[in-house]
1. Give region 240-276 a look and list any residue that's open to solvent by less than 80 Å² (accessible area, probe 1.4 Å), over 18 Å from Asn190 (Cα atoms) and touching a residue at least 24 places away in the same chain (Cβ under 8 Å), or say none.
2. What pairs come out if I take residues in region 67-86 that are part of a loop (DSSP other than H, G, I, E, B) and pair them with residues that are aliphatic (A, V, I, L, M) whose C-beta lies under 7 Å away, six or more apart or interchain?
3. Does Ala92 fit the bill of being open to solvent by 60 Å² or more (accessible area, probe 1.4 Å) and either at pLDDT 95 or above or part of a loop (DSSP other than H, G, I, E, B) (or both)?
4. If we scan region 8-28, do we find a residue that is closer than 26 Å to Asp111 by Cβ and either open to solvent by 30 Å² or more (accessible area, probe 1.4 Å) or modelled with pLDDT of 90 or more (or both)?
5. For residues that are open to solvent by 40 Å² or more (accessible area, probe 1.4 Å), under 23 Å from Gly233 (Cα atoms) and not in a strand (DSSP E or B), scanning just region 35-55, find the one that is modelled with the lowest pLDDT.
6. Here's a check for you: in region 114-133, which residue that is assigned to a strand (DSSP E or B) and open to solvent by less than 10 Å² (accessible area, probe 1.4 Å) is nearest to Leu86 (Cα to Cα)?
7. Looking at Asp153, Asp171, can you tell me which residue is among the acidic types (Asp, Glu), open to solvent by 30 Å² or more (accessible area, probe 1.4 Å) and over 28 Å from Trp43 (Cα atoms)?
Amino acid sequence: MERMASLMPILLYIAVLIAACSSSSSEAAAPATSFKDNFDIMWSENHFKTSADGEIWYLSLDKETGCGFQTKQKYRFGWFSMKLKLVGGDSAGVVTAYYMCTENGAGPERDELDFEFLGNRSGQPYLIQTNVYKNGTGGREMRHMLWFDPTEDFHTYSILWNNHQIVFFVDKVPIRVFKNNGEANNFFPNEKPMYLFSSIWNADEWATRGGLEKTDWKKAPFVSSYKDFNVDGCQWEDPYPACVSTTTKNWWDQYDAWHLSDAQKMDYAWIQRNLVIYDYCKDSERYPTLPVECPLSPWE
């Protein structure tokens, strides 16, 4: 927490700079965001609500159950974006997940790209955890602090996915870059189409301080909010969609999307210096032999 306090003036400064930036040319114009057009409820429909105009969607968690939704379509490569406002107040033990996966469930052969927002006690910062699975194998976690309070307003969380890299963005700032090596491998998910999901659930066995802080059910229901779903991707059609073999026609798989721009590299470097809490590639106790993807440079 001392580190967090010392960083606050810098965090506020960068938040102002980011808010002042104009819209990135790499982000597609938002399509219609009707929930019914894009999503299905996965479970507990009585824990799902919308605003009166249907533009904001709410998932709630209580002691009985959480709730989740998934896209009707699956995609292979593209740009995927959503605005979220996270559970406020005492949210210890609560996880809001926003992720892509090849299936509805934790199957043994799934591919998956994760944003997980780990709740905390009041006054302590949220942590954001990302992870990458291929063929059922994950263990590629990174955790970051954020430079803003994600419970006060909506912020944009995005994934750029092509055959060269996977980039996790927060408000258009790249916080994590996961590169491919251009060869057949067991770490970069690029063969299977994925749905996009979001859910809220109880994970107090591990989510906050390794499970030491438990969910306070007297504070329930815990509510996460969503709006402005945006996808510009290759929609899957069996046996395979035509755009997979001609992806360079799409901005998200043209040369400029194969690596970070100079401006993005500056933002990414700042994030790496100041906000990374955990990086599996630096956990030699957990991985005495470095995973094969770790030496790949995010700068290239």
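The values are calculated or read from the model by the stated rules, or taken from the named source; none is laboratory data. All of these numbers come straight from a predicted model, not from anything done at the bench. As a convention, Cβ positions derive from the backbone with ideal geometry for all residues, glycine included, and neighbour counts pool all protein chains shown. When the accessible area is computed, the model is the full protein with side chains, heavy atoms only, and any ligands, DNA or RNA have been set aside. Shrake-Rupley method; radii C 1.70, N 1.55, O 1.52, S 1.80 Å.
1. Initial filter on region 240-276 (open to solvent by less than 80 Å² (accessible area, probe 1.4 Å)): 241-244, 246-247, 250-254, 257-261, 263-265, 267-272, 274-276.
Those left that are additionally over 18 Å from Asn190 (Cα atoms): 260-261, 263-265, 267-272, 274-276.
Those that are open to solvent by less than 80 Å² (accessible area, probe 1.4 Å), over 18 Å from Asn190 (Cα atoms) and touching a residue at least 24 places away in the same chain (Cβ under 8 Å): Leu260, Gln264, Lys265, Asp267, Tyr268, Trp270, Ile271, Asn274, Leu275, Val276.
2. Lys74/Met194
3. Values: open to solvent by 60 Å² or more (accessible area, probe 1.4 Å): no; either at pLDDT 95 or above or part of a loop (DSSP other than H, G, I, E, B) (or both): yes.
Considered against the rule, which asks whether it is open to solvent by 60 Å² or more (accessible area, probe 1.4 Å) and either at pLDDT 95 or above or part of a loop (DSSP other than H, G, I, E, B) (or both), Ala92 comes out as no.
4. Residues of region 8-28 that are closer than 26 Å to Asp111 by Cβ, as a first pass: 26-28.
Going one step further and asking which of them are either open to solvent by 30 Å² or more (accessible area, probe 1.4 Å) or modelled with pLDDT of 90 or more (or both), we end up with 26-27.
Yes, region 8-28 contains a residue that is closer than 26 Å to Asp111 by Cβ and either open to solvent by 30 Å² or more (accessible area, probe 1.4 Å) or modelled with pLDDT of 90 or more (or both).
5. Within region 35-55, the match that is modelled with the lowest pLDDT is Lys36.
6. If we filter region 114-133 for residues that are assigned to a strand (DSSP E or B), which is where we start, we get 114-118, 127-133.
Imposing the further condition that a residue be open to solvent by less than 10 Å² (accessible area, probe 1.4 Å) reduces the set to 114-115, 117-118, 128, 130-132.
Values: Asp114: 16, Phe115: 12, Phe117: 8, Leu118: 10, Ile128: 11, Thr130: 16, Asn131: 19, Val132: 22 Å.
Of everything passing the filter in region 114-133, Phe117 is nearest to Leu86 (Cα to Cα).
7. On the way: Asp153 fails: over 28 Å from Trp43 (Cα atoms).
None of the other options fit; the residue is Asp171.
Residue by residue, here is whether (1) modelled with pLDDT under 95; (2) within 18 Å of the chain's Cα centre (by Cα) holds:
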{"residue": "Lys192", "(1), (2)": "yes, no"}
{"residue": "Lys249", "(1), (2)": "yes, no"}
{"residue": "Ser261", "(1), (2)": "no, no"}
{"residue": "Asp267", "(1), (2)": "no, yes"}
{"residue": "Ile271", "(1), (2)": "no, yes"}
{"residue": "Asn274", "(1), (2)": "no, no"}
{"residue": "Asp279", "(1), (2)": "no, yes"}
